[in-house]
Amino acid sequence: MKRILCTLLFAAPIFGQTATGRFAPGESYVAPERNAPPATSRMFVRTSDGQGVDLPATGQGGMIVVIGDRGQSSPRLRTPAGDSSSRSIRRFAVDADGHNALHIDQTIAGRYHVSDVGAGATVIAAEPDSQLTMTTTVGPLSRMPGDRITLQATLRDGDDALIGARVFAHLTAPDGTEGKSIALADKGTGVYEAIVDELPARTSGFWSVRYDADGVNAHGVEFARSGSNQFMNERASAHLGGIHSRIVGDHLHVTASADVIESGRYRFDVIVASSRDANGERRGLAWGEAEQSLGNGASELSIDIPLSGVRAEDLFLDVRLLNLDSMGMAGRQTLGAD
Amino acid sequence: MKRCTLAVVLLLIAITAEAKTGVVFIHGKGGTSLATPSVARAYWTDDMIRATTKGYTIPYLICSYDGTQYMWVAGNTVAGQIYNWMTANAIDDIVVETHSFGGVVIRWIMSNPTYDSRYQPIISRIRWVNSIAPPNKGSEAADLAGTLSGSWLTGWLIDLVGQKNNATTNCTTSSMAYYNQYYLKGTSGRPALPKTVYNIAGYGLWNDFAHSEDYGLATLSGIAGLPGEDDGMVAQYSAQAVGVVWFTTEANHHHNRHNDYRKIGDSLATDF
C-alpha cells in the first residue's frame, strides 16, 4: 500500500533556481491565516517573593504543581482547608535527579499556598480538567512595518463569559528584551483586547506575547491563567508590487517589481488558484518558485508556470516575495478573480 | 463550454531489485551535543537502529546536528551528511526515519529544493519518509517555553520543553503556522511534498512506571494543555497534519524513538 501511494507523485521539475508543480487534484487553496493560531490555557505561573505563593484553584478537577527553584528547598503545599499533609496531594519524581511535581486529585475551590520556596522560584499550576479557560491570539501573525498589533484574550468558564478580570500582556523581543506590561480592556463579552501601535523595538523575528489573567468567576471563585502566542515582526527588506500575468502558450507568465532595501537571496513564489466556488472555496491549481539574488534598488521578477491543462480563466494569484537570508516575508499581494 | 480534464500523474515504479537501499535517521531537537554522532546515536538507541536496519544489514546513516537551531540550519547540516553518504556509498533509494523536530527538518529540505544544491539530488533518491511524532503544526509544549520565558525552570522541564532557543521557537504553534503558510509544503491548502510522508502519532503517556521520564511527559501534557490525544510532547492533530497516517502508537514521546515499547523499530523494518 505504501509503495502504491509513493508512486503517485506530483511533478515538480527543477529548472535552475525555479521549481514548479501542481496541486493534488481536489486540493483547496487556503489563504494565510491573519492571526496566530488560538492557544487555550488552563495553567498559570507565579514567581515567589520568598514569602510563599498563593495558587487559586477552581475546584474543577485536579491540579498539577511544578516548582522551579534554584535552591534545594523542600516546598510544602497547604490546602484551602489549612491541611498540609492531605492524602489528596501526591508527589511524583519527574526526572532522575529527583525533581518533584505535586498532583492534587481533586482541588477545593480556594487558595492553595506553597511555602518554603526561595525568592525568585517559579511555581507553575495547571488545572487540566477545568472548564475555565483563557484562549489567546495575536495578529497579524505576519506583521509588516507599520501594522498595528492586536492582543486578544478570551476568558470562559464553560459556556459563561468571564468579565471583570484583570488581563495583562507582556511583549518579548526575539533578543529577549521585555516590554512594559500592557493592560487589556474588558470588552464585556469575555473578550479582552489591546491595540499596540508601535513595538518597543524594531527587532525582526518572532516576538512572544505572554498573557496573565486573574479574577473571579460567577460563583465568586478566584482563578488565574497564563498563556502565550507569537508573531513574526517582518523586516522591511523589500517591497513587492506591480503584479501582472498573462497566458503564453500553455504557461502562465507572472511578473512583478521589487524595490529591494536589503540585498540578498529572495524567492518569488506564486500560487495559482481557481475563482471561488459556490461554497466560497478556491481550488489550488499550480505553483511556482523562482529564487534569485537581488541587489539594492528596483528589480524585475518573473516566472513561468506550466498550466498543463488548467483552465486559464478566472485565475487567482497569491504572490509572495520571501527573504531567504533572514527568513521572513518581504511582501505579499493577491491578484485576480474574487 | 468544452470541459477539459487532464489528470497528470507521474507513475514511478521503483525497481528495487536494482536500487541500493539505505536508511537515514534524523533526530529531533535538543541540545547542542546532538551534533556529536555518539549522542545522536544514543538518542535513537542501538536497539532501534538494529531493529530498523534488520540487524544492520541495510546501510544506514544517523544524522547528527545541533538540536538548538532552526530547521534551515539543521537542514543544511543534515543535507551535507546525507549527500556525502549517499554519494560515497552509491545509495539511490533512501527511506528516511525521523523523530519529532526531525520531521520538520526533512520537510524543510523537501519543501525548498532550490535552497541548497544538495537538496534536489537527495529528494530524488528518497523513496518515502516515516515521520514519528512530528510537530507539523507545532507543539503546545514549545509554546510553554514562551509562557515561561524569563522564569527559572527545573532541569527536567528545560530538558523536555527546551530552552527558549531557535529550535524551540521553530516548534511553537505560532511559528509553525507561519512557516506552513510560507516556507513549508504538505499541510492542507498548500502544495504537496515531492515525496510521501507516513506519519506515526503517539497517544500514550504512561508507558513505563519505572521511568521518571513518563511522569515528566504526563505532567508536561497536563501543564501545556496539549489538545486531544498526545504523546506528552506532540499532539496527534499536529503529527497527522502532513502526509498519510501509517499507524498510531501508545508509545509516548520518550519511547517512540526507541524500540523498547511497542517495538516501533520492528515496524519501520517492514519497509525493507
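Overall size of chain A from C-alpha positions, given as principal axis extents largest first: 81, 49, 46 Å.
What's the center-to-center distance, using Cα atoms, between segment B:237-272 and segment A:97-174 in Å? With segment B:237-272 and segment A:97-174 each reduced to a Cα centre, they are spaced 32 Å. Put simply, when A:231-237, A:45-51, A:177-183, B:48-54 are sorted by average Cβ atoms within 10 angstrom per residue, most first, you get A:231-237, B:48-54, A:45-51, A:177-183. Taking Lys and Arg as +1 and Asp and Glu as -1, the other residues whose beta-carbon sits under 13 Å from that of A:H219 total -3.
Normalising the average separation of contacting C-alpha pairs (under 8 angstrom, six or more residues apart) by the number of residues puts the relative contact order of chain A at 17 percent. Only protein heavy atoms count here; on that basis, with a 1.4 Å probe, A:D259 has an accessible area of about 80 Å². Overall, chain A carries a charge dipole of about 500 debye about its Cα centre when +1 sits on the Cβ of Lys and Arg and -1 on the Cβ of Asp and Glu, all other atoms neutral.
The accessible surface of chain B, taken with every protein chain in place and a 1.4 Å probe, is 54 percent carbon and sulfur. Rg of the Cα atoms in segment A:210-320, relative to 2.2 N^0.38 Å, amounts to 1.67. Look at the stretch A:26-37: the mean tally of other chain Cβ atoms within 10 Å of its residues' Cβ atoms is 4.
A simple spin-label model places the labels of A:T255 and A:S74 7.9 nm from each other, with each point 7 Å out along Cα-to-Cβ. Computing FRET efficiency as 1/(1 + (r/R0)^6) for B:D116 and A:A183, where r is the C-beta to C-beta distance and R0 is 51 Å, gives about 0.65.
Net charge near A:Q131: determine it from the other residues with C-beta under 11 Å of the C-beta of A:Q131, scoring Lys and Arg +1 and Asp and Glu -1. My count for the surroundings of A:Q131 gives -3.
Note on chain A: with neighbouring protein chains present and a 1.4 Å probe, carbon and sulfur make up 47 percent of its accessible heavy-atom surface.
Go through B:W108, A:P38, A:H103 and say which Cα lies farthest out towards the positive end of the charge dipole of the protein assembly as shown; charges sit on Cβ, +1 for Lys and Arg, -1 for Asp and Glu. Of B:W108, A:P38, A:H103, it is B:W108. Annotation for the B:A interface, with buried accessible surface near 6100 Å², both sides summed [1.4 Å probe; non-protein components not counted].
For a paramagnetic label modelled on A:V248 (point 7 Å from Cα along Cα→Cβ), amide N atoms under 11 Å away belong, within segment A:291-323, to A:302-305.
By the gyration tensor of its Cα atoms, with a ≥ b ≥ c the square roots of the eigenvalues, what is the shape of segment A:92-242: rounded for a/c under 1.5, prolate for a/b over b/c, or oblate? Verdict is oblate for segment A:92-242.
P(r) tail, chain B: Cα-Cα pairs separated by more than 24 Å, 46% of all pairs. Site pair A:D160 and B:V244 shows an inter-label distance of 5.0 nm when each label is modelled 7 Å from Cα along Cα→Cβ.
Of the peptides B:130-140, A:115-125, B:253-263, the order by per-residue mean of other Cβ atoms within 10 Å, starting with the highest, comes out as B:130-140, B:253-263, A:115-125.
Taking amide H as placed 1.01 Å from N in the peptide plane, the amide H of A:L55 sits under 5 Å from that of A:Y112, A:H113, A:V114, each at least 5 places away or on another chain. Between A:S84 and A:I108, the modelled label-to-label distance comes to 1.5 nm, taking each label 7 Å out from Cα in the direction of the beta carbon. Looking at chain B, the accessible area is 34 square angstrom per residue; that uses a 1.4 Å probe and ignores ligands, DNA and RNA. Ordering A:M329, A:W287, A:I303 by Cα displacement along the dipole of segment A:287-335 toward the positive end leaves A:M329 in first place; charges were set at the Cβ atoms of Lys, Arg (+1) and Asp, Glu (-1). For the protein assembly as shown, adding -39500 (n - 2.57) for each run of n ≥ 4 DSSP H residues and dividing by the number of residues yields -5000 deg cm²/dmol at 222 nm. Relative to the current alpha-carbon distance between B:Y237 and B:D92, full extension at 0.36 nm per residue lengthens the span by 48.9 nm.
Where Lys and Arg each count +1 and Asp and Glu each count -1, what net charge lies around A:L102 among other residues with Cβ under 12 Å from its Cβ? Charge balance in the 12 Å sphere: +3.
Are there any residues in segment A:312-331 with a reduction of at least 50 Å² in accessible surface when going from the isolated chain to the assembly of protein chains? Probe 1.4 Å, please list them by number. Residues shielded by partner chains are A:M327. Only the Cβ atoms of Lys and Arg (+1) and of Asp and Glu (-1) were treated as charged; on that basis the dipole of the protein assembly as shown about its Cα centre amounts to roughly 980 debye.
Charge dipole of segment A:185-338 (Cα centre as origin; +1 on each Lys and Arg Cβ, -1 on each Asp and Glu Cβ, all else neutral): 160 debye, rounded to the nearest 20.
Cross-link partners of B:K54 among lysines, defined as those whose alpha carbon lies under 28 angstrom from its own and excluding same-chain residues fewer than eight positions apart: A:K2, B:K20, B:K29, B:K195, B:K263. Taking B:Y237, B:Y179, B:Y215 and ordering them by how much accessible surface each has at a 1.4 Å probe, largest first, produces B:Y237, B:Y215, B:Y179.
Using the alpha carbons alone, the radius of gyration of the protein assembly as shown stands to its Kirkwood radius in an Rg to Rh ratio of 0.99.
The values are calculated or read from the model by the stated rules, or taken from the named source; none is laboratory data. Values in this document were obtained by computation on a predicted structure and should not be read as measured data. Counting neighbours? That spans all protein chains shown, and the Cβs are built from the backbone with ideal geometry, glycine included. We work out accessible area using only protein heavy atoms, side chains counted, and drop any ligands, DNA or RNA first. Shrake-Rupley method; radii C 1.70, N 1.55, O 1.52, S 1.80 Å.
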